[in-house]
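Engineer: One structure, as C-alpha cells, below. Some questions next.
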Amino acid sequence: MKRVFDLVKTLTLASLATGLVLCVASAFLVLRDSNVRSLEKADAIVVLGAAQYAGTPSPVLKNRLDTAARVQKAGFSEVLVTVGSNLPGDETTEAVAGRQYLIEKHNLDPMQVIAISEGEDTLSSLKAVRTLAQENSWDRLIFVSDSLHSARVKTMAESLGYLSYTTSATSGPGSSFDVTYFAKETVGIVYFWVSRLSGAV
C-alpha cells in the first residue's frame with residue numbers, strides 16, 4: 001500500500017512540476033511576443049477577428065484593422081485577409097465587417113482585401129486561413145491581433161506550417177497589459193501544447 005501511495009505522490013509532484021514549467025514558459029512567450037513588432041515581407045496580412053456590432057467593428061477590432069492597414073501601406077504585403085464568423089442573430093460576420101471597414105476607412109483596393117467568414121476561436125480561424133493559403137501557395141504570413149494574443153497566435157500558426165510574424169498596435173484598445181487577459185493567454189498556450197501532445201488538436 002505504501003508503494004502505491006509513494007507512486008501516486010511521485011506522479012502528482014511530477015505533474016505539478018511539469019505544469020509549473022509549462023506555465024512559466026508560456027508566460028515568458030506571452031510577455032516576449034507582446035513586444036515583438038519586427039516584420040518582413042509576407043504573402044498576406046491576416047487580421048484576427050474580434051467583436052462587431054451590426055457591421056461596425058468594436059474598438060478592439062478597429063485597432064487591429066488600423067494596425068493591419070498601416071502594415072499594408074508600409075509595403076509588407078499587398079494582400080490583406082480578415083477572418084472571423086458571427087454569433088447567432090448577427091447581421092454580418094467579423095470578417096465582412098472588417099473588410100468593409102478597411103475599404104471605406106482606409107481606401108484599400110477591394111480586390112486586395114479578402115474576407116473569410118469562418119472561425120469561432122483562434123485555432124479555427126487559423127485553420128480557415130490555411131485553406132486559402134494552400135490554394136494560393138502562401139507560406140509567409142503576418143498576423144495582426146492584440147499584443148497579449150500574439151504569442152498564442154504565433155504558436156498555433158507555426159504548428160500549422162506557417163512561417164509567421166505577429167504584430168499589434170502600440171496604443172489603444174487591446175494594446176495595454178491586462179492581468180486577466182495575460183492569464184488567459186498563458187493558460188491557452190499550455191492547453192494547446194497539451195492538446196497537441198495528446199493528439200486532441
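Engineer: Since Asn63 meets every condition but one in (1) touching a Pro at 6+ places or on another chain (Cβ under 7 Å); (2) not in a helix (DSSP H, G or I), which condition does it not meet?
Structural biologist: If we test Asn63 against (1) touching a Pro at 6+ places or on another chain (Cβ under 7 Å); (2) not in a helix (DSSP H, G or I), just (2) comes out false.
Engineer: Looking only at the range 75-107, how many residues end up being touching a residue at least 12 places away in the same chain (Cβ under 8 Å), aliphatic (A, V, I, L, M) and either farther than 20 Å from Pro59 by Cβ or part of a helix (DSSP H, G or I) (or both)?
Structural biologist: Adding up the residues that qualify gives 6.
Engineer: Let me ask you something else. Only residues that are surrounded by fewer than 21 Cβ atoms within 10 Å (Cβ to Cβ) and closer than 16 Å to Ser147 by Cβ: list them for the range 52-61, please.
Structural biologist: Within the range 52-61, Pro59, Val60 meet the criteria.
Engineer: Might you check whether a residue that is in contact with a strand residue (DSSP E or B) (Cβ under 9 Å, 6 or more places away or on another chain) and not charged (D, E, K, R) occurs anywhere in the range 52-61?
Structural biologist: Yes, the conditions are met somewhere in the range 52-61.
Engineer: Suppose the filter is over 11 Å from the mean Cα position of the chain (by Cα) and either crowded, with 23+ Cβ neighbours inside 10 Å or under 25 Å from Lys73 (Cβ atoms) (or both); does Val96 pass it?
Structural biologist: Answer is yes for this residue.
Engineer: For the range 135-183, how many residues are within 13 Å of the chain's Cα centre (by Cα) and either of a type in the set (Lys, Arg) or assigned to a strand (DSSP E or B) (or both)?
Structural biologist: Residues in the range 135-183 being within 13 Å of the chain's Cα centre (by Cα) and either of a type in the set (Lys, Arg) or assigned to a strand (DSSP E or B) (or both): 10 in total.
Engineer: Just one of Tyr191, Tyr162 is of a type outside the set (A, V, I, L, M), under 21 Å from Ala68 (Cα atoms) and either touching a residue at least 40 places away in the same chain (Cβ under 8 Å) or surrounded by 15 or more Cβ atoms within 10 Å (Cβ to Cβ) (or both); which is it?
Structural biologist: Going through Tyr191, Tyr162 in turn, the sole match is Tyr162.
We did not get these values from a lab; they are worked out from the coordinates using the rules stated. As the structure is a prediction and not an experimental result, all values here were calculated from the model. Because the Cβ atoms are built from the backbone with ideal geometry, glycine has one as well, and the counts that use them run over all protein chains shown.
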